[in-house]
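The values are calculated or read from the model by the stated rules, or taken from the named source; none is laboratory data. Please read all numbers here as calculations on a predicted model, not as lab measurements. Ideal geometry is used to build each Cβ from the backbone, glycine not excepted, and the neighbour counts take in all protein chains shown.
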Amino acid sequence: MSKALLRHIRLSPTKARLIAREIQGMNAELAIASLEFTPNKAARIISKVVASAVANGGYDAQDVVITSCRVDAGPVLRRFMPRAKGRATPIRKPTSHVFVEVGTLKKSEQDKRTKGSKRAGKEIAKEQKSAQIESKEFKRVESKDSVVKSQASKSKGTESKTTKPKTTTAKASKKTEGEGK
């Protein structure tokens, strides 16, 4: 884990914190690339501090993640602007301290990022299991259908054409029920 600190930079801490929150937890190379195209004074400054933190640790920017990016308030430069009737209004020129800390990912964290979270892994396993079950059921149904078809084809060959299959209708079944009473 390596650190870089830039102190007394003429930059409003509230404006710089907006950029600092965006890059926290990002890959250093990705953060530097995105800050390069952000049209902000804070983005250019924070980009340089991130690059300095990576260089301080002797890392490659692809291999590290920004673990902490903090912008603290520095001293305020107080100036005055003359106004009408001999008055003066204060002008505040804030400064800030930018602190960036980068570190490598642990082996377990790298696995999580590449394979997804544990929940996603469990969902994938469930989907695979249900797909296996469905394929087994399909094979069973398919095999039952083939057995039924083969039996039907055998019975067609032995069956005479003069006999008709028995069919019962709703009316016939009602008559037989009524006759029993």
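Between LYS41, LYS48, the distinction of being touching a strand residue (DSSP E or B) at 6+ places or on another chain (Cβ under 9 Å), within 13 Å of VAL98 (Cβ to Cβ) and charged (D, E, K, R) belongs to LYS48 only. The residue list VAL49, VAL76, VAL71 contains one member that is under 29 Å from the mean Cα position of the chain (by Cα), more than 15 Å from SER2 (Cβ to Cβ) and modelled with pLDDT of 95 or more, which is VAL71. Of all residues in the stretch 40-58, those satisfying the criterion of being among the polar types (S, T, N, Q) and under 15 Å from GLU29 (Cβ atoms) are SER47, SER52.
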